Amino acid sequence: MASKSDADGGGDGAMTAVDAGRAYEQTTDPAEAPDASNPAASTETQGSEQNAGGSRKHHINCELPLDEPLPELPEVPMTADGRPLFDTWRDMDCEEAEAQTSLCSGAGTQPGACILGDSGGQGVATFGDVDTRCDGEGPVIGHHHGQCWVCSPVEVHARACCEMLAGFDCRAWPYPADGKPGMVCARHGDCEPGLLCGAGGDYAGGYGICQCPGLSGPVQQPESCWDDFF
C-alpha cells in the first residue's frame with residue numbers, strides 16, 4: 001500500500017484527500033479494494049440481467065426488476081459546481097484533516113465515537129450525535145466495505161482516505177455505476193444496473209443509498225454497523 005508521501009509524488013504542493021484516494025486505487029491489489037470484500041460483491045451476486053424487451057434491468061440480488069419510469073431521487077444538496085456535498089471531503093488538505101482529527105481503534109479508545117472502516121481495523125474519531133440523518137453533523141460517509149453509512153464532518157472522511165484506511169468509501173463522485181446495495185449515491189446511475197438510488201436510514205436528506213426496487217421505506221443498514229461506535 002502506498003504511503004501518503006508516495007501519493008504526493010514528492011512534489012511541493014499539499015496533498016488533498018483525493019490524491020490519497022487515487023493512490024489507493026492505483027496501488028491496492030483488486031482483491032483488497034474496499035468494494036471487493038463486500039459480501040454483496042461476490043461473483044455469485046454481482047451484475048444484472050436484462051430482459052428481452054431491453055428496458056427492465058433485474059439485479060441478481062433483487063426480487064423485482066427496475067422498471068421505467070425511475071422513482072424520484074432523494075434530496076441531495078449540491079455544490080455550485082454540481083457535486084453532492086458528501087463528495088467535498090476530497091477538497092480537504094491531508095495535513096489539515098490530520099490536524100483536526102485523531103485515529104482510533106474501537107469504542108472507548110478516545111473521546112467521542114470511533115468510525116471504523118473495517119471491524120478490527122483502524123478508524124477516525126468523530127463527535128456529534130453519530131446518526132444517519134445528516135441533519136447538521138456533516139455529510140454521509142460509507143464504511144465497512146459498502147455495508148454501512150453514517151454522518152460525520154468532512155475532515156473525518158478526508159482523514160480516513162488520506163490514511164488509506166481499509167473499508168472506507170474513497171471513490172470520487174460521479175461513480176461509474178459500481179454502487180452495490182448499501183453504498184452511497186446521488187443519482188440512479190451511481191448504482192449497479194437494476195438498482196436505484198433511494199432513501200436510507202433515518203433519512204432527513206443529503207444522500208441516497210443504492211437499493212433494490214420495490215422497498216416500502218428507507219433501506220436500513222445492518223445493526224452490526226453500530227457495534228463499533230460506543
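From the list Gly205, Gly214, pick out the single residue that is modelled with pLDDT under 95 and under 20 Å from Arg83 (Cα atoms). Even if it seems obvious, please write down each step before you answer.
Values: Gly214 fails: under 20 Å from Arg83 (Cα atoms).
Of the residues listed, the single one that is modelled with pLDDT under 95 and under 20 Å from Arg83 (Cα atoms) is Gly205.
Provide a single number: the residues in region 188-220 that are closer than 16 Å to Pro139 by Cβ and surrounded by 19 or more Cβ atoms within 10 Å (Cβ to Cβ).
Just the residues of region 188-220 that are closer than 16 Å to Pro139 by Cβ, to begin with: 190, 197, 199-209.
Those still in the list that are surrounded by 19 or more Cβ atoms within 10 Å (Cβ to Cβ) too: 190, 197, 199-201, 203, 206-209.
Looking only at that region, the number is 10.
Any residue in region 130-143 that's over 17 Å from Ala158 (Cβ atoms): show its pairings with residues that are part of a loop (DSSP other than H, G, I, E, B) and polar (S, T, N, Q) at Cβ separation under 9 Å, as long as the two are six or more apart or on different chains.
Here the result reads Val130/Ser152; Thr132/Gln220; Thr132/Gln221, each pair linking region 130-143 to a residue that is part of a loop (DSSP other than H, G, I, E, B) and polar (S, T, N, Q).
Check region 125-139 and report whether any residue there is modelled with pLDDT under 95 and under 12 Å from the mean Cα position of the chain (by Cα). Please lay out each step first, then the result.
Kept after step one, since they are modelled with pLDDT under 95, are these residues of region 125-139: 125-139.
Cutting the leftovers down to under 12 Å from the mean Cα position of the chain (by Cα) gives us 139.
Scanning region 125-139, I find at least one residue that is modelled with pLDDT under 95 and under 12 Å from the mean Cα position of the chain (by Cα), so the answer is yes.
Quick grid of which residues meet (1) in a loop (DSSP other than H, G, I, E, B); (2) of a type in the set (A, V, I, L, M, F, W, C):
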| position | (1), (2) |
| --- | --- |
| Arg90 | no, no |
| Gln110 | yes, no |
| Thr132 | yes, no |
| His157 | no, no |
| Ala166 | yes, yes |
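The values are calculated or read from the model by the stated rules, or taken from the named source; none is laboratory data. Keep in mind that this is a model prediction, so the values were computed, not measured. Positions of Cβ are generated from backbone atoms using ideal geometry, with glycine treated the same way; all protein chains shown enter the neighbour counts.
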